[in-house]
Amino acid sequence: MLRKASSLSLFVKISKLNSVVSNKSTESVKVTEKTTDRKKNQEEGLKYPTANFKLNQYEMNAANKAVEMEMNVFKITVVLNKGCVLKSARSFIIFQSLEKHAEIIKSEPRVEDIEDEKFDFEFTVVCVTREGQGVFTKDINSIAEVDEVIISPIEEWISQGISEDGKDEPLNSINEVFSDGDGSLSPENMKSSEGDQGEQQHKTKTVKTVRVDIDRLDILMNLVSELIIIKTRLEGIDSVNNIERTQSYTEAIEYLERITTSLHDAVTKVRMVPVELVFNRFPRMIRDISRELGKEIMLNMSGEETELDRTVIDEIGDPLIHLLRNSADHGIESIEKRKELGKPTAGHIDLRAYQDGNNVVIEVGDDGQGINTDRVKKKAIEKGLIKKDIADNLSKKEIIEFLFKPSFSTSDKVTDLSGRGVGLDVVKTKIEKLGGVVEVETEIGKGSKFIIRLPLTLAIIQALLVNIGKEKYAIPLSSTKEIIRITPDQIKLLQKQEIILLRNSVVPIVRLNKVLEVPDDGNERKALTVVIVRKGDKLSGFLVDSLIGQQEIVIKSLGVLLSGIKCIAGATILGDGNVALIIDVNSLAI
Amino acid sequence: MVEAKDAQGKQYVVFRLGNEDYALDIHSVTTIEKPMIVARVPRTPHFIKGVINLRGEIVPVMELSIRFNLTPAPESEETRIVIVKVGEASLGLVVDEVEDVLYLSKDSIENVSNYSTDLSMDFITGVGKVNDRVITILNLEKLIEFNESGS
């Protein structure tokens, strides 16, 4: 009886899941703001769907302040010609033109969607300007492929009220909107100019949707279908014979377990988002900052395709902004100074993201002046955080730790950007909240590098599955250079180390079956498979019994108790439910 | 036997290893599983059998008999893996048979030093007596303390 009840609820859940997944795969990515069913105040609301929106609290405040400062606030709807092919390019030109005389505080649809051409032929913006509306009508109408321009001043439509999803923003940020003279304003740019306004309680970047790879949805769909199959099978089990029935049930349950594990993994994968989402506004930000500071700064980014869980992406933006600003403000020297030092006039900031085993590492490095540990030490003593005699005995690493203490800043000037001493400790706290750590590498005169290491709730890598004895192992594909087959006699001995010759270079051999203490399955092998792996510049050859193939695997931690094991980086659950261990290439390579 | 929890005693999961009964505080026990395929993990102490796939989670499994320097019994119909949780760590313990959930009052538990067994005294917090049964109560924290060299 009990079994029937629980299986009933399972069936209900399965059909619910099915409907969710099929809905997801037929709809395109939703825009967060609800546009379509708002109450229409004006006639044009019926004619121009994108003109129908309410301002949230923040935007309302910005608009009100503009009116106070005797500026104009206009709602401008632009309708493109239906023959327009490159809508995003055309929109970009229109935005540029608008930004010559105004600051855009809202865009419907969102800027990102316009850039991705996720709109029909019309969009609406709300902007703040000192000019009259005639200027815009003329300017925009003179752009090719623009069919219509509808402008209405704020007083006509402001009565719509505030939308439900408004949030209270700190007033400081609104001041920044208006004092920011020339920088053009787009919704995301405003959010990034928060910088270190102290504890940032708002989450302006809350995009409550995720862009999902269709492939991942297909996998989800397949898994749900399998669930349905197993459900049908369970329903069908009705044997008179008790033993037979139990056995069928057990088989079905085992299969069910496998599917649910895969389903769980697939759904978690769906939540993974490339860091690109956070990184993509940084180039703009750095350009603005370098202009502001009068320095020349180049931002190099790499590893944007590295993926992180949705929630981590949301949280990692602010700390990164702060670190980038620090590099720009305190790290990179002025153009004259750099010339003096013989450095290239353009300072470099490197932003790298990559996966390292079960972690994602994000590095913010610059080639600036580095951190002056003596100054840090002096400041710490000044602030009474430590006594002089103890301070003298501290290692460089320990001194740098002081930077992360609240209210610590060695900057003589407190600028708008940084130096207020409220930044680095917030960065550290945020990172630690995500379960990560922050490290600093620095050298006076050469530069500094902040390294953020975040654990992954889910780590997916491409791996090579191999057989060693009767056991299966996974070798991360990123460390693999090539795979060769050799005969036993090709293995030579060079100063007690087994090696092979690979195109005239010597490659040491590691017999994995010995190192991993794999029980001998007694098979004599005539042909051996060697997986050539890379450790830095050096190559090693891992001797395995045979290859299974390449597969995308989910890295699972071995758990707290076994995490100290040197040669094993983790485990993965294979399609058949069995566990394969992941080889830690770095510890086994020679 | 469903006894109300009172300050004087606790409930224990009682299991058998060889000929002896052992007990674990019920609060540390998460689930009891039937034996399943264990993947061997190299460079682990010899009492670590390997890891299992427990509904998507990787859980290490310890052969308790080997931990206690006893001869492991062959797997039988009653063999079970008792999944326990100590702090953040989960661990599976292979036992010959899970017998009871019993309530042991504080009075019925005697201090260790009165007995001598083959076990390292560290693993035992006491010995309980119920009717005629002698049940050794285990110290989980000590059980999970081990390093790679297998001490």
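Of all the criteria given as (1) in contact (Cβ under 8 Å) with a residue 12 or more places away in the chain; (2) under 35 Å from the mean Cα position of the chain (by Cα), the one not satisfied by residue A:344 is (1). The test for being touching a Ser or Thr at 6+ places or on another chain (Cβ under 9 Å) and within 18 Å of residue B:10 (Cβ to Cβ) holds for residue B:86.
Within region B:50-72, residues that are under 25 Å from residue A:556 (Cβ atoms) sit with their Cβ atoms under 7 Å from residues that are assigned to a helix (DSSP H, G or I) and polar (S, T, N, Q), at 6+ positions apart or across chains, in these pairs: B:55/A:261; B:56/A:261. Only one residue in B:49, B:34 is of a type in the set (Lys, Arg) and touching a Gly at 6+ places or on another chain (Cβ under 9 Å), so which one is that? Selected residue: B:49, the only one of B:49, B:34 that is of a type in the set (Lys, Arg) and touching a Gly at 6+ places or on another chain (Cβ under 9 Å).
Before we move on, is residue A:489 among the acidic types (Asp, Glu) and either within 14 Å of another protein chain (Cβ to nearest Cβ) or part of a loop (DSSP other than H, G, I, E, B) (or both)?
No; evaluated as a whole, the condition is false for this residue.
The number of residues in region A:524-582 that are more than 13 Å from chain B (Cβ to nearest Cβ), in contact (Cβ under 8 Å) with a residue 12 or more places away in the chain and within 15 Å of residue A:480 (Cβ to Cβ) comes to 20.
Listed here are the residues, each with its yes/no results for (1) over 30 Å from the mean Cα position of the chain (by Cα); (2) surrounded by fewer than 21 Cβ atoms within 10 Å (Cβ to Cβ); (3) not aliphatic (A, V, I, L, M).
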| residue | (1), (2), (3) |
| --- | --- |
| A:517 | yes, yes, yes |
| A:536 | no, yes, yes |
| A:541 | yes, no, yes |
| A:545 | yes, yes, yes |
| A:553 | no, no, no |
| A:576 | yes, yes, yes |
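Checking each residue of region A:235-250 against the condition of being away from chain B (no Cβ under 14 Å), part of a helix (DSSP H, G or I), surrounded by 13 or more Cβ atoms within 10 Å (Cβ to Cβ) and among the hydrophobic types (A, V, I, L, M, F, W, C) gives no match.
Would you list the helices (runs of 4 or more DSSP H) that sit entirely within region A:86-171 and hold 3 or more residues that are modelled with pLDDT of 85 or more?
A:87-101, A:133-141
Figure legend. Inter-residue proximity from region A:499-513: first residues among the hydroxyl-bearing types (Ser, Thr, Tyr), second residues part of a strand (DSSP E or B), beta-carbon distance below 8 Å, spacing 6+ or different chains. Indicated pairs: A:505/A:539.
Of all residues in region A:506-515, at least one satisfies being surrounded by fewer than 14 Cβ atoms within 10 Å (Cβ to Cβ), more than 14 Å from chain B (Cβ to nearest Cβ) and at pLDDT 85 or above. The criterion of at least 3 residues that are within 14 Å of chain A (Cβ to nearest Cβ) and in contact with an Asp or Glu (Cβ under 8 Å, 6 or more places away or on another chain) is met, among strands (runs of 3 or more DSSP E) falling completely within region B:1-99, by B:48-54.
Conditions (1) at pLDDT below 90; (2) surrounded by fewer than 18 Cβ atoms within 10 Å (Cβ to Cβ), marked per residue:
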{"position": "B:51", "(1), (2)": "no, no"}
{"position": "B:59", "(1), (2)": "no, no"}
{"position": "B:76", "(1), (2)": "no, yes"}
{"position": "B:91", "(1), (2)": "no, no"}
{"position": "B:98", "(1), (2)": "no, yes"}
{"position": "B:105", "(1), (2)": "yes, yes"}
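Within region A:463-496, being under 27 Å from the mean Cα position of the chain (by Cα) and more than 18 Å from residue A:577 (Cα to Cα) holds for A:475, A:476, A:477, A:478, A:479, A:480.
Please verify whether region A:267-279 includes one or more residues that are in contact with a Gly (Cβ under 8 Å, 6 or more places away or on another chain), modelled with pLDDT of 85 or more and not hydrophobic (A, V, I, L, M, F, W, C). No; the residues of region A:267-279 include none that is in contact with a Gly (Cβ under 8 Å, 6 or more places away or on another chain), modelled with pLDDT of 85 or more and not hydrophobic (A, V, I, L, M, F, W, C).
The values are calculated or read from the model by the stated rules, or taken from the named source; none is laboratory data. This is a predicted model, so every value here is computed, not measured. Ideal geometry is used to build each Cβ from the backbone, glycine not excepted, and the neighbour counts take in all protein chains shown.
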